[in-house]
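The values are calculated or read from the model by the stated rules, or taken from the named source; none is laboratory data. The structure presented is a predicted model; accordingly, all values stated were derived computationally and were not measured. A quick note on method: Cβ atoms are made from the backbone with ideal geometry, for glycine too, and the neighbour counts reach across all protein chains shown. The protein model used for the area step is the full one, side chains on, heavy atoms only, and it has no ligands, DNA or RNA in it. Shrake-Rupley method; radii C 1.70, N 1.55, O 1.52, S 1.80 Å.
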Amino acid sequence: MGAMARRTYTAAEVDEAVSRLAEPERLRQATEIVTHAAPGLARVLDGALADGGWFDAAHDEMVERASAEPTPAERLAAVRALVDEQTRLGMLVGVAVGFELAWELGEREPASAEER
């Protein structure tokens with residue numbers, strides 16, 4: 001099979017595709033596949049986050065600062081902000097991993113019925 005040209009997407013195409021994901025059945029099969037692949041995907045995500053320096057000494061310092069806030073309300077607010085930021089970073093890196101996984105799968109010939 002020849003090399004596939006890597007497709008790029010406009011912001012409008014991505015927005016339209018994301019809105020279609022809200023359809024209830026759209027994510028059912030993807031959820032099943034991701035559940036199956038979760039351990040391997042977690043290793044890839046962890047590696048990507050580590051390689052990108054997302055959870056290095058600066059992250060540890062932010063955790064220490066959040067836990068050292070003087071009042072419970074301030075600690076709670078700092079921890080919530082940290083969790084929010086970690087969630088956003090994990091999602092962004094996870095989407096990047098998802099794009100690369102889709103690219104890898106797209107480069108393969110579809111399996112014949114006998115191979116499935």
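Per-structure values
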item: Residue match in segment 44-59 (condition: over 19 Å from residue 91 (Cα atoms) and either out of contact with any Pro (no Cβ under 8 Å at 6 or more places or on another chain) or of a type in the set (Ser, Thr, Tyr) (or both)); result: yes
item: From the options 75, 88, residue that is out of contact with any Cys (no Cβ under 7 Å at 6 or more places or on another chain), assigned to a helix (DSSP H, G or I), open to solvent by 90 Å² or more (accessible area, probe 1.4 Å) and not acidic (Asp, Glu); result: 88
item: Positions within segment 60-80 being closer than 24 Å to residue 45 by Cα and out of contact with any helix residue (DSSP H, G or I) (no Cβ under 8 Å at 6 or more places or on another chain), in sequence order; result: 60, 61, 64, 80
item: Residues located in segment 1-50, provided they are in a helix (DSSP H, G or I) and among the polar types (S, T, N, Q); result: 19, 29, 31, 35
item: Criterion violated by residue 8 - all others in (1) open to solvent by 80 Å² or more (accessible area, probe 1.4 Å); (2) closer than 19 Å to residue 93 by Cβ; (3) of a type in the set (Val, Ile, Thr) satisfied; result: (2)
item: Which numbered condition residue 65 misses (of (1) more than 19 Å from residue 94 (Cα to Cα); (2) exposed (fewer than 10 other Cβ atoms within 10 Å of the Cβ)); result: (2)
item: Check on residue 53, out of contact with any strand residue (DSSP E or B) (no Cβ under 6 Å at 6 or more places or on another chain), open to solvent by less than 80 Å² (accessible area, probe 1.4 Å) and in a helix (DSSP H, G or I); result: no
item: Set 27, 49, 21, 41: member being touching a Phe, Trp or Tyr at 6+ places or on another chain (Cβ under 6 Å) and on the phi < 0 side of the Ramachandran plot; result: 49
